[in-house]
Structures are given as C-alpha cells and as structure tokens.
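Have a look at the structure below, then the notes.
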There are 2 protein chains.
Amino acid sequence: MQLAISEAKKGIYTTRPNPAVGSLIVKDGRIIGTGFHPKAGQPHAEVFALRQARNSGFDTQGACAYVTLEPCSHTGRTPPCADALINAGIRRVVVASLDPNPKVAGNGIKKLKAAGIEVIVGVCADEAMALNAGFLKAMATGMPYVRLKMAGSIDGRTAMASGESKWITGNEAREDVQKLRAMSAAIITGSGTILADDPLLTVRSQQLGVAIDQIPAPKIVVVDRRGRIQKGAHQIFNHHDVLLWREDLTTLLKQLVSVHQCYDVMVEAGASLSGAFIASGLVDELIVYQAPCILGHTARSMFACEVQTLAHQHRFDLTSVDKIGRDLRMIYKTLNT
Amino acid sequence: MQLAISEAKKGIYTTRPNPAVGSLIVKDGRIIGTGFHPKAGQPHAEVFALRQARNSGFDTQGACAYVTLEPCSHTGRTPPCADALINAGIRRVVVASLDPNPKVAGNGIKKLKAAGIEVIVGVCADEAMALNAGFLKAMATGMPYVRLKMAGSIDGRTAMASGESKWITGNEAREDVQKLRAMSAAIITGSGTILADDPLLTVRSQQLGVAIDQIPAPKIVVVDRRGRIQKGAHQIFNHHDVLLWREDLTTLLKQLVSVHQCYDVMVEAGASLSGAFIASGLVDELIVYQAPCILGHTARSMFACEVQTLAHQHRFDLTSVDKIGRDLRMIYKTLNT
C-alpha cells in the first residue's frame, strides 16, 4: 500500500477536483502493474495499473489489486473501476480508505463483493486520506479543507512597521510555498495584500516534478469587505480569473465547494484576513515558516485577532516540523476543543 | 572520546566555576578506568579515572588516556593532573580541547610532551567545548556565555494584555527550563518580573540525575534601573543572595565573571529586559519554547526592542529544534554579521 500511496502522490497537483489515487496489481508476490490517476477526464489509477500489467504480457486473472481509495461504481467521464477489476479477474482488492462521494460511498466495495472478490478495507487509511484532505472533507461536510500559510520571525512578526517585508524567510521557504499553491484549488487573499504587494500568486516553481501547464489554474479569491479593489486595476487580474468577495467567510467557503468544486483552499493573506480566519475557526491546517530573526515589538503582527483570556486561545496540534533552508516550517492542525 | 564526553556531562550541573571534564584510561583496547570532575575542590577527571583503573587491579603503565579538556599543569586546590598522568606511566594522551585558562593554556600539553608522552589534540573538540561554553568564553574574553530563555505562542506572544500568562507552555517545557537553570551560575531577571510574578527562581526538578543539594546555588541578579525593588520585600530574597543591579548590562556581565566567577548566565525575564539584551547584542544563545497556540495581536510581545528596517534585524542560526511535550524548543545561536 505504501507503493500505491507513492503512486497516488504523483497526481496531487493535477487531479483536482478529482482525488489523487494510486494502485498496484500484484500476482504471485510480484508487482505486475502500477498506476495513478493523473487528471480529471483521464482513466483512474486501477485502469492504468491493469493496462500496464497487460501491456507487459501478464495475465491479471487471480491477481490482487491495491487501491488507495475505494474503486468507483458509477459511470462518470470514464466507466466504473469496480467493473474493470471484476472483468480483469482480480481475486482480492485491498483498499486504503472508503470514498465518501455519495455516488460511491460503499457501492464500489458492494459491487466487488457481489462479484465474489475478497475485499480488505483500511490498510494505511490515515496516510491515504491525508493525500485527499480537501476532497474527503468536502464530500463529507460541504466545506473545503483550509490551509493557512504564514511567514514570520521568532517573535511572530511579519514585516517592519513601515511595511518592509521582502524577504524575511529564505529562498527555500518561498520555493516550498509553491507546493502549497500547486495543491490548492483556490487561493484566498485580502484587499490589503493586493493594495500593498500587488502579488501575482502564480505557481512558478520548476521543482514540482510536473509540468506547470498540467496544473489546473487555482481560483483566486480576493476578500474585499470594504470594496477597496477595482476589477482589473491590479496585475492579479491579468493572470487569473478573480472572484472579488464582499460577504462572510463561511458562505465563501461553502460556495467554493458547491459552485467551483474547490476542495483544497489556501489562505495567503495579511494579518487582518488571516486573523479573521483563525478567529472564526475556519482553518484546518496552519503552515508557519519561521525565520531565525527577531524583528521587535514595533514590527507587524502575524494575526490581527483579539483573544481576551488564555482560556480563549486558539489551540493547535503540531504535526510536523522541518528545517527548510535556514528557516523552520511548522505544520499545525486545529484542535477542536 | 564520545565516552569521555558522556563522563564529563555527569558534572555539568555541579562543577562550576570549574569546567565539566571527563576522562578514560584505555589499555590493550580495553577501558580500564573512567572518571569525571564532580565538584570544585574534588579531584579532576583524570585522577578519578586513574584511581578506578588501579582500584580494579590494572597497571596504568603504557596505557592511553582520553581527556575532554587539556590536563592542568598548576597546583590549585588539587595537584596538577599532568603530573598524575606522567607518574602513572601513561604513554599517550588524547585531548579534545585546549584550556584557555591562563594558568594552563598549553602548559599542560608542554609538560606531558616534555615527559615523552605522545599528545593528540582536537578530537571531538566542538562537542567537548560545547559542554563548557561559559568557562571557555569567560577565560578567553572576560565575558560570560549568555543564554536567554523565552516562552511564547506561535505568533510570538507571552501573555494576555491583562498579564495573564500561567501557563502558556506545558509541564514538560517548564521542566526542561529547570535544566537551563541548573547549569547557570547566575540567573538575571528584571524588576518587572519580580513585581508581576514574584518568582522563586529555584531549581526544583528531581529529574536532573543529580541531588539538588549538590548544585551550587545560582547568583540571582535583579536588574532594576528605575529602583522599583526594595531589598527583602519579595520572596526571592528569602531564597537567594540577590544582587540588585542599576547600571548597564555590559558592566554587569563583566562583573559576574570577574567578581562572582559566573561564566554561564541565563536571562529569564520579561519583554523589556530580554529586548534590551537582544538589542545590545549580549546574547550568545536564545532558547525559545513555542506553545502550539495563537494569542492574537493584543497579547504581550516577546521582545520590547525597536528594529527600524529589515537590515537591522537581529539574526540567529538555528542549531536545534525538539518537541518537548506538546511544545517546540528551538535553540538559536547569535549570528555575528
């Protein structure tokens, strides 16, 4: 299953709105086919894996299939994978996680079992589910998975009082942010960031292991409660189809799922909008790049949000810490207390 | 030498003002004696190691000695170790680092060589020197090694606007601070901390691997530029011999070395004094305990110091990061740019 997960990872920047899925076909203790889902509209992982086995001259009759997500049972743009596995004579299917998509939701497993195939579910489930945090959350709740990225100093400052902020973190950290952008279906920023920095918010990195033109363009959202942004007046409008948003954040997130099929959303904004997201409890994951410097108490804060007492603090659980160049990257998950 | 360094570490809380030193005696590829310096006035590491070898019935004639610091050549409260090694018939001495103490400073090596002993210097030098950062810096420069400890949130906040701050970091992090206190000859705090928290600043932990009564009491310094503290009026005066300091910080640090033989100094203070230490470039090492929470922009800052432009930022080099309970501990060394 670890190998199937590695296969799935090859698709994390390109499959959306579909989930990233990987598959292996194993016969007599030997891997005879591997595959992953590369892009919406293209065949699913199982089909690629079966195809590779056959093209290499193997008979899939009696083989075992590993899949990171429950095989689909419905005909979308491609025929159902459950049928493909049945027709290939697969004897046993090992699945990492179920598909909460109402069109599947256990029906894939049922179909396989009805055809007499042995099915095992739940192998490396957490790891496989982490690949599709947005897809799984959106299918289950109608809300996207929200990652908030922030960069600052040891003392939690993001810019000098003057606004000067280029650059606090190093090259490697900024390169790492490109990965976050590339895996996001939508990037949310604020009017303050547009007015101050006039950013491009494009995916530019050549180090993602996939051609940039294969990555679906993210939906760019500019939250502009005070109506300070004029359409077309900033360079971001030349590079993206921008949604200017003036209503509340929860409605925005719901709409990103229901209207735009954006399941993985990244907040890349200043202290005001970032603070508003934190304060409203809408953040699933916090990614902090911490530069090894002190900027002092007059420099700008990371989050503009008012916490009255320690009991009201926003709590997180540290899930990983890595040195990225000379900076630290901390990933936190929101603790629901 | 790694084993000799492990021996030396047994003394890091108790040897001051002496350095922590470890030693091994090896003969025919076998360790026949180990020792460390436990406390000022007691024999040095080499003497304990030679004694253990003899007590176990070994002949030290022709053996090899490993020592983490250059053996002393002068008679202090104990006779010179160089003589002990010569008299024991040691054939070769491997030394990690030289002793910058002007009373030794190469004389120990000279004495051994003059007696026909082969001497090798510099094995695991960095690691051995890290054990005695304070002693080595003080001998070389007359200034102590200054560790500044700070605890805060992801967004660099240490307390609520109201002053509420108990507790932001967890038990494990607070227990870890006990190790820093135990290895410090002096602890510097500010009048603000005394007035707000009335702390004890005692070493209380039972988890240091050494009896608390073996740890020399640290010198407590309260920096009180505005004369707000009255001798005896706070509980800290019941537990320590306190130095109330009203002059500048550089003079304080020099005096801690020259008058009080305090070579390892810890700053455990609030934003004002900590910020003053950072701003004056007097900190060698910054130890930050970061709790996985956000306290918002109205909470209190880590460091009260004004940095005008990014070019004036205080830069550090991250030397280690560890998860301590649910918190992170980052250790930074000051970058001299």
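We did not get these values from a lab; they are worked out from the coordinates using the rules stated. Since the model is a prediction, treat every value here as computed from it, not as a measurement. Heads up, the Cβs are rebuilt from the backbone with ideal geometry, glycines too, and the neighbour counts pull from every protein chain shown.
Counting only residues that are farther than 15 Å from B:SER23 by Cβ and crowded, with 20+ Cβ neighbours inside 10 Å, how many does the range B:54-99 have? The qualifying residues number 1. Among the residues of the range A:99-118, those identified as over 19 Å from A:VAL47 (Cβ atoms) and outside any helix (DSSP H, G or I) are A:PRO100, A:PRO102, A:ALA105, A:GLY106, A:GLY116, A:GLU118. Only one of the numbered conditions (1) facing chain A (nearest Cβ under 7 Å); (2) over 25 Å from the mean Cα position of the chain (by Cα); (3) surrounded by fewer than 19 Cβ atoms within 10 Å (Cβ to Cβ) is not met by B:ARG315, and that is (2). Restricting attention to the range A:180-204, the residues that are under 23 Å from the mean Cα position of the chain (by Cα) and surrounded by fewer than 17 Cβ atoms within 10 Å (Cβ to Cβ) total 4.
Put simply, of A:PHE48, A:PHE36, A:PHE58 the only residue that is of a type in the set (Phe, Trp, Tyr), over 20 Å from the mean Cα position of the chain (by Cα) and within 23 Å of A:GLN214 (Cβ to Cβ) is A:PHE48. For the range B:208-312, the helices (runs of 4 or more DSSP H) that sit wholly inside it and include 2 or more residues that are more than 13 Å from chain A (Cβ to nearest Cβ) are B:236-239, B:249-258. When the range A:43-80 is filtered for residues that are within 15 Å of A:ILE31 (Cα to Cα) and of a type in the set (S, T, N, Q), the ones remaining, listed by number, are A:GLN52, A:ASN55, A:SER56, A:THR60, A:GLN61. With (1) under 25 Å from A:ALA130 (Cβ atoms); (2) assigned to a helix (DSSP H, G or I) as the list, and A:SER205 as the residue in question, which single condition is left unmet? Checking A:SER205 against (1) under 25 Å from A:ALA130 (Cβ atoms); (2) assigned to a helix (DSSP H, G or I), the one that fails is (2). For the condition among the aliphatic types (A, V, I, L, M), at the interface with chain B (Cβ under 7 Å from one of its Cβ atoms), buried (at least 22 other Cβ atoms within 10 Å of the Cβ) and under 27 Å from A:ALA161 (Cβ atoms), A:LEU328 qualifies.
For the range B:163-179, filtered to residues that are within 14 Å of chain A (Cβ to nearest Cβ) and in contact with a Ser or Thr (Cβ under 7 Å, 6 or more places away or on another chain), the residue that is surrounded by the fewest Cβ atoms within 10 Å (Cβ to Cβ) is B:GLU164.
All conditions in (1) closer than 30 Å to B:SER301 by Cα; (2) among the small types (Gly, Ala, Ser); (3) loosely packed, with under 15 Cβ neighbours inside 10 Å hold for B:GLY152, with the sole exception of (3).
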